[in-house]
Amino acid sequence: MDARARWRILRLHVEDQVPLARLARETDVGLRTLERWHARYRADGYAGLEAASRADAAFRPTSST
């Protein structure tokens, strides 16, 4: 899901004060996920809703055989 799709859902809470628990039920997005999105939005604005790259993205485990 991209930032635009996340904002479409989260906007209902931020602008229209729809409770996150209700959004979770109506959108099939987990409550904890919505809470994380909201925290990231409060901290970084719209940019916080962008998908973050993984910290281990460059790590490639090797076989120890």
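The values are calculated or read from the model by the stated rules, or taken from the named source; none is laboratory data. The structure displayed is predicted, hence computed values, not measured ones. Glycine gets a Cβ as well: all are built from the backbone with ideal geometry, and neighbour counts include every protein chain shown.
Annotations
- If you go through segment 26-50 and keep only what is surrounded by 11 or more Cβ atoms within 10 Å (Cβ to Cβ) and either charged (D, E, K, R) or touching a Cys at 6+ places or on another chain (Cβ under 9 Å) (or both), you end up with E26, E35, R36, R40, D44, E50.
- Any chance S53 is polar (S, T, N, Q), within 18 Å of D2 (Cα to Cα) and loosely packed, with under 11 Cβ neighbours inside 10 Å: yes
- Meets criteria (modelled with pLDDT under 95 and either part of a helix (DSSP H, G or I) or of a type in the set (A, V, I, L, M, F, W, C) (or both)) for A52: yes
- Members of segment 2-25 that are surrounded by 11 or more Cβ atoms within 10 Å (Cβ to Cβ), touching a residue at least 24 places away in the same chain (Cβ under 8 Å) and not small (G, A, S): R6, W7, I9, L10, H13, V14
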